[in-house]
1. Just to be sure, is LYS427 touching an Asp or Glu at 6+ places or on another chain (Cβ under 6 Å), part of a loop (DSSP other than H, G, I, E, B) and either closer than 23 Å to PHE220 by Cα or among the aromatic types (Phe, Trp, Tyr) (or both)?
2. Considering only segment 90-104, I want to know if a residue exists there that is part of a loop (DSSP other than H, G, I, E, B), aliphatic (A, V, I, L, M) and at pLDDT 50 or above.
3. For segment 234-255, name all the residues that are within 19 Å of PHE199 (Cα to Cα), surrounded by fewer than 24 Cβ atoms within 10 Å (Cβ to Cβ) and not acidic (Asp, Glu).
4. For segment 127-158, how many residues meet the condition of being surrounded by fewer than 23 Cβ atoms within 10 Å (Cβ to Cβ), small (Gly, Ala, Ser) and in a strand (DSSP E or B)?
5. Looking at THR341, THR324, THR290, THR315, can you tell me which residue is crowded, with 21+ Cβ neighbours inside 10 Å, assigned by TED's automatic domain parsing to the domain that holds ARG478 and of a type in the set (S, T, N, Q)?
6. Which condition does THR448 not pass, out of (1) touching a residue at least 24 places away in the same chain (Cβ under 8 Å); (2) over 27 Å from ASP311 (Cβ atoms); (3) of a type in the set (Ser, Thr, Tyr), if it passes all the others?
7. On the given criteria, is TRP385 out of contact with any Pro (no Cβ under 8 Å at 6 or more places or on another chain), surrounded by 15 or more Cβ atoms within 10 Å (Cβ to Cβ) and among the hydrophobic types (A, V, I, L, M, F, W, C)?
8. Every residue in segment 164-204 that is without any contact (Cβ under 8 Å) to a residue 60 or more places away in the chain and under 30 Å from GLY360 (Cα atoms), please.
Amino acid sequence: MTPTTPRNKKNTDNLTKKPFRHYFVYPAVALLALENKIGERFFRPDHVISSTGIMPLAPLIISVGLLLTSGATLAEEPKPLGQINDYLRVTGELQGRYEKWDYFQPSPAVNNNNDYDFWALRARLGILLATSFLDGYAQAQYTGIYGLPNNAVAVPGGALGLGAAYFSESQFTTSPGNVFLKQAYLNLKFAQLGLPGMFLKVGRFELLDGMDYKTGDERFDGLKLSRVSQRLIGPIGYTHITRDFDGFSAVYDKTAVNVTVSGVRPTQGGLNIQAQDGITAVNLLYTALTSKKDKLLPDTEGRLFYIYYGDDRNTQVVDNRPVTDRPFLNQQNLAIHTLGTHLLTLKPLGSGSIDGLLWGAYQFGNWTNQTQQAWSVDAEAGYQWGKLPFKPWLRAVYSLSSGDDNPGDGKHKTFFEILPSTRAYAKFPYFSLMNLQDAFIEMIVAPTQKIKVAIDLHHLSLANSNDLFYAGVGATSRSGSFGYQGRSSGGNSNVGELVDISFTQTLNKQVSWGAYYAHAFGGNVLQYIYQGKQDADYAFVEFNLTF
């Protein structure tokens with residue numbers, strides 16, 4: 001016990017005469033001034049107690065002093081929603097959508113109900129582990145689709161809209177539902193081994209061609225996501241079930257370049273509720289070399305890519321040959337090679353910004369017992385007025401994908417869209433980018449920072465009238481369905497016009513909602529296929545919660 005000195009006695013007596021904060025708060029502030037790291041360590045969840053003894057004393061003095069004198073509290077900075085600690089985070093998504101379809105109608109036909117509605121719920125829950133040497137992620141998904149029509153797969157005519165496609169792909173169930181493992185992967189980081197920028201992802205994950213890295217520029221990345229990525233490989237995020245990929249993805253990411261090599265097999269899903277199962281008879285190899293924004297040219301990104309698609313499922317191919325001449329893929333498989341490139345730019349000009357995109361691909365290989373020789377090109381330009389009200393953004397797009405002119409010459413000249421996120425390029429998904437010419441203009445306005453409205457006007461026509469009119473999302477089942485349906489155009493080429501409007505509003509970081517309406521005016525192609533009703537309407541309302 002330390003003896004009491006006269007100085008100590010005087011200070012003790014004064015405790016009852018001076019304000020409490022004089023002896024507790026002020027000394028604590030002085031300690032903070034002497035040790036500027038105290039506050040940092042105190043407020044951090046992983047703060048370290050100093051061996052000097054000052055660290056545990058200062059926060060105690062501050063906490064007790066403020067509590068006793070002013071009643072104020074020193075709260076830690078709030079963690080992001082779902083953040084457990086520095087390494088673990090819980091993620092979640094909830095989406096609800098109501099859809100109304102008034103589709104084209106074939107006649108005469110049976111089961112040709114073209115006017116129906118349904119709604120769907122999609123919920124996801126995941127756990128993310130993030131460390132300096134690896135990331136791990138596991139995500140489960142529930143999908144329920146309610147009130148699908150059981151009489152909308154017409155004979156002849158096929159599925160009349162996505163409601164009919166969900167019904168036929170999900171074992172002819174009017175309210176299919178399932179819980180499945182959507183993603184489960186490890187992403188190894190090799191920086192600790194002296195290889196900065198090297199990553200290896202193994203497991204089940206989403207894959208988006210063209211979105212191999214992000215620039216950090218929100219507008220540039222948004223344009224790349226909506227107009228470059230997922231043209232040939234994507235998760236079909238719009239569908240209530242979606243698609244994933246099992247395999248690996250190796251990435252070498254440096255300041256100037258990104259190199260990505262992915263070897264995967266798709267899961268079922270998209271339109272098939274049994275999304276847990278992989279499609280082992282489809283093999284996909286995707287490689288890309290990307291020159292990052294500003295490295296090749298100012299405000300410009302460039303990419304070279306290669307894709308191999310192999311398919312030997314127990315299903316019959318769809319092309320413009322007579323049905324009896326079309327082989328099954330387990331007898332004559334697909335082995336398609338795709339070489340392609342894109343250049344994307346977005347740069348300031350005047351009081352706004354100008355953007356441009358060039359995209360192209362060429363395909364070769366084997367289309368069953370035919371030789372694949374096909375191509376696709378896309379050219380786009382736009383300008384956004386930065387100082388006008390609503391910041392209007394006007395864009396013009398021209399897209400052309402080759403079609404086949406002669407089904408009997410041993411060559412297949414129809415461009416194959418592989419495994420795309422179709423609705424990214426066909427918001428009203430009654431067509432695909434196969435044997436198609438799409439010329440359209442788009443106006444995007446932003447009445448507020450949280451509201452965006454887009455109006456599109458399309459003119460659609462077939463690249464070759466001797467080929468079919470195609471629609472689909474690629475392989476979604478192990479067998480039975482090819483993934484695309486094709487209908488004869490009767491020698492016609494004018495598909496028609498499409499007008500649509502999209503509305504999205506972000507309420508906060510977690511909550512958003514949107515609405516969509518489209519009307520399709522059928523040209524002579526659709527008038528030949530659907531003699532009962534040659535125009536169509538589609539609308540939906542959607543709500544999203546994410547954390």
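The values are calculated or read from the model by the stated rules, or taken from the named source; none is laboratory data. Just so you know, these numbers come straight off a predicted model, no measurement behind them. When we count neighbours, we look across all protein chains shown, and the Cβ atoms used for this are built from the backbone with ideal geometry, even at glycine.
1. Criteria met by LYS427.
2. Residues of segment 90-104 part of a loop (DSSP other than H, G, I, E, B): 103-104.
Add one more test, that the residue is aliphatic (A, V, I, L, M), and what stays is none.
No, the conditions are met nowhere in segment 90-104.
3. Of the residues in segment 234-255, the ones within 19 Å of PHE199 (Cα to Cα) are 245-255.
Adding the requirement that they be surrounded by fewer than 24 Cβ atoms within 10 Å (Cβ to Cβ) leaves 246-255.
If the condition is that a residue be within 19 Å of PHE199 (Cα to Cα), surrounded by fewer than 24 Cβ atoms within 10 Å (Cβ to Cβ) and not acidic (Asp, Glu), then GLY247, PHE248, SER249, ALA250, VAL251, TYR252, LYS254, THR255 are the ones that fit.
4. Selection size over segment 127-158: 6.
5. Values: THR341 fails: crowded, with 21+ Cβ neighbours inside 10 Å; THR324 fails: crowded, with 21+ Cβ neighbours inside 10 Å; THR315 fails: crowded, with 21+ Cβ neighbours inside 10 Å.
Of the residues listed, the single one that is crowded, with 21+ Cβ neighbours inside 10 Å, assigned by TED's automatic domain parsing to the domain that holds ARG478 and of a type in the set (S, T, N, Q) is THR290.
6. For THR448, the failing item is (1).
7. Values: out of contact with any Pro (no Cβ under 8 Å at 6 or more places or on another chain): no; surrounded by 15 or more Cβ atoms within 10 Å (Cβ to Cβ): yes; among the hydrophobic types (A, V, I, L, M, F, W, C): yes.
When the stated conditions are applied, TRP385 does not pass them.
8. Residues satisfying the conditions are GLY197, MET198, PHE199, LEU200, LYS201, VAL202.
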